[in-house]
Amino acid sequence: MSEKRVVKVGSRKSQLALVQTNSIIRKLKDLNHDLEFEIISMQTTGDKVLDAALSKIGEKNLFTRELEVALEKHEVDFVVHSLKDLPTTLPPGMVIGCVHRRDSPYDAIVMHPSNKGKHLEDLPDGSVIGTSSLRRASQLARKFPRLKFENIRGNLNTRFRKLDEDDKYAAIVLAEAGLYRMGWSDRVSQVLKSDICMYAVAQGAMAVECREGDELTIGLLSQIHDPNTTMQVVAERAFLRKLEGGCSVPVCVDTEVTETQVRLTGGIYSIDGSRGKVDTVTKPLPTGEPKPTVEEKGIYLSYAGIVGHPQLSHEALQTCQDVGEELADIMLQSEAAEILKEAKRETAKAVIAEKQRKEAEKRMRELNELQV
């Protein structure tokens with residue numbers, strides 16, 4: 001009896017990351033009984049730096065760099081990510097081999113136990129809401145100017161502990177998909193649909209990153225590559241990439257893909273939420289004889305870093321990418337361009353201030369050590 005091939009899978013060490021990685025592995029195991037899977041987990045920069053808001057750290061690949069290094073060194077065969085954590089431009093030689101079916105893309109409110117069952121509009125003036133996201137804070141500050149939105153960092157378990165064991169936060173804002181995957185949906189007091197808070201690019205979708213040209217792995221992953229989700233996130237990632245945005249600027253989306261068309265609504269907000277611009281682009285999906293998304297054996301076309309789907313034509317995915325880029329062009333030719341520039345300037349200043357704070361803390365520690 002021959003030994004089963006072992007596929008090595010990279011993952012962050014957080015509980016949510018491991019839950020997500022195991023869910024991908026289970027689906028692949030169900031379809032490939034001849035394979036074994038081994039998880040290799042590691043901490044990323046974003047997991048280690050917990051004393052600053054994500055936007056103040058000043059790096060785009062906070063939750064992916066260490067995993068991608070392992071992938072490049074062939075220490076793992078593929079890596080499971082929350083797709084919203086993946087920069088829109090991947091390192092050379094890397095592609096997104098598949099996008100799993102999207103769970104809820106929306107944000108959710110988790111209340112302090114004393115506020116259980118309430119909505120944001122029910123909270124008293126001055127209540128503090130915890131969120132690590134500029135996108136959430138800017139939109140919600142615009143909708144609920146009487147509430148305060150402050151940074152809260154840490155994995156889901158840490159944020160729950162900060163909420164429940166301290167009276168500082170009246171509520172926290174989290175991705176509904178993460179709460180669902182952790183089995184904590186019972187803590188959700190309110191789901192924020194797009195009329196209140198549009199979601200992040202690719203929020204709610206899991207992605208698997210692998211080496212470009214790794215035909216064996218890409219073929220394996222194609223079994224769980226979801227066509228509708230792929231079309232949605234290609235449009236969203238193309239939009240964000242053209243804007244040159246990221247977690248450092250408040251950019252948000254709302255997307256719908258039907259059998260006949262793709263619709264992308266995007267928003268750009270100032271850091272404080274006082275200014276914003278929202279626009280929409282809709283395009284019909286092409287009909288007729290499709291062109292495949294594989295150029296030749298082992299060479300896959302990619303769209304916003306995502307390899308083509310075996311059930312989708314090149315024309316359909318190119319249309320989705322065009323929608324995202326067209327919406328970005330519209331934004332960049334409007335008042336949104338100045339809002340975006342201002343947000344980037346403010347974020348850059350915050351990054352410098354954070355670095356100076358850390359340097360001052362380091363000098364103080366060194367002085368204290370000399371005095372001891």
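The values are calculated or read from the model by the stated rules, or taken from the named source; none is laboratory data. This structure is a prediction, so every number in the text was calculated from the model and none was measured. Please note: Cβ atoms are built from the backbone with ideal geometry, for glycine as well, and neighbour counts cover all protein chains shown.
Of all residues in the stretch 174-194 being outside any strand (DSSP E or B) and in contact with a Lys or Arg (Cβ under 9 Å, 6 or more places away or on another chain), which is nearest to residue 153 (Cα to Cα)? So, considering only residues that are outside any strand (DSSP E or B) and in contact with a Lys or Arg (Cβ under 9 Å, 6 or more places away or on another chain), the one nearest to residue 153 (Cα to Cα) is 179. Looking at residue 64, is it at pLDDT below 95 and buried (at least 19 other Cβ atoms within 10 Å of the Cβ)? Taking the combined requirement at face value, the residue satisfies it.
Screening the stretch 149-191 for residues that are polar (S, T, N, Q) and under 20 Å from the mean Cα position of the chain (by Cα) and picking the one that is nearest to residue 63 (Cα to Cα) gives 155.
Does residue 261 satisfy the condition of being at pLDDT 95 or above, touching a Ser or Thr at 6+ places or on another chain (Cβ under 9 Å) and within 25 Å of residue 207 (Cα to Cα)? Yes, satisfied. Restricting attention to the stretch 183-192, the residues that are touching a residue at least 24 places away in the same chain (Cβ under 8 Å) and farther than 17 Å from residue 138 by Cβ add up to 6.
Tallying residues that are within 19 Å of residue 147 (Cβ to Cβ) and charged (D, E, K, R) within the stretch 258-286 yields 2. The set of residues in the stretch 192-201 that are within 18 Å of the chain's Cα centre (by Cα) and not hydroxyl-bearing (Ser, Thr, Tyr) comprises 192, 193, 197, 198, 200, 201. If you check 104, 138, 194, 189, which single one turns out to be in contact with a helix residue (DSSP H, G or I) (Cβ under 6 Å, 6 or more places away or on another chain), at pLDDT 95 or above and among the hydroxyl-bearing types (Ser, Thr, Tyr)? Going through 104, 138, 194, 189 in turn, the sole match is 104. The residues of the stretch 1-40 that are within 18 Å of residue 71 (Cβ to Cβ) and in a helix (DSSP H, G or I), listed by number, are 17, 18, 20, 21, 24, 25, 28. For the stretch 108-142, the set of residues classified as farther than 16 Å from residue 189 by Cβ and charged (D, E, K, R) consists of 125, 135, 142, listed by residue number. Just so you know, in the stretch 317-342 the residues that are aliphatic (A, V, I, L, M), in contact with a helix residue (DSSP H, G or I) (Cβ under 8 Å, 6 or more places away or on another chain) and more than 12 Å from residue 240 (Cα to Cα) include one that is surrounded by the most Cβ atoms within 10 Å (Cβ to Cβ), and it is 317.
Note on the stretch 337-353: residues that are modelled with pLDDT under 90 and over 12 Å from residue 275 (Cα atoms) amount to 10. Counting residues in the stretch 139-152 that are closer than 17 Å to residue 105 by Cα and outside the structural domain of residue 279 (by TED's automatic domain parsing) gives one or more. Among the residues of the stretch 212-244, those identified as surrounded by fewer than 23 Cβ atoms within 10 Å (Cβ to Cβ) and not in a helix (DSSP H, G or I) are 212, 213, 214, 226, 244.
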